[in-house]
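What follows is a set of notes on a single structure, which appears directly below.
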């Protein structure tokens, strides 16, 4: 999980910062979607208008969403 309140002051690679600038992102929150086989993907929230200090509730909601995704039959490779 990674919560970046301000991409301009965060300790991230220059190429990552430039990529987020191109997307006009100012803050982002990234949570892994984990399945039994490992990392399936990432759930990402971008805030574009201004700096955003992510709250504990924001993070918990994203983690809950990632856990729900991880249990979806389509993601787990199960036939519906």
Can you name the number of the only condition in (1) closer than 30 Å to residue 8 by Cβ; (2) not in a strand (DSSP E or B) that residue 44 fails? (2)
Can you find a residue that is touching a helix residue (DSSP H, G or I) at 6+ places or on another chain (Cβ under 7 Å) and either in a strand (DSSP E or B) or surrounded by 17 or more Cβ atoms within 10 Å (Cβ to Cβ) (or both) anywhere in segment 12-22? no
Return the residues of segment 23-39 that are modelled with pLDDT under 95 and either surrounded by 15 or more Cβ atoms within 10 Å (Cβ to Cβ) or in a helix (DSSP H, G or I) (or both); say none if nothing qualifies. 35
Which of (1) touching a strand residue (DSSP E or B) at 6+ places or on another chain (Cβ under 6 Å); (2) touching a residue at least 12 places away in the same chain (Cβ under 8 Å) does residue 39 not meet, given it meets every other one? (2)
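The values are calculated or read from the model by the stated rules, or taken from the named source; none is laboratory data. Quick caveat: nothing in here was measured; it's all calculated off a predicted structure. All Cβ positions, glycine included, derive from the backbone under ideal geometry; neighbour counts span all protein chains shown.
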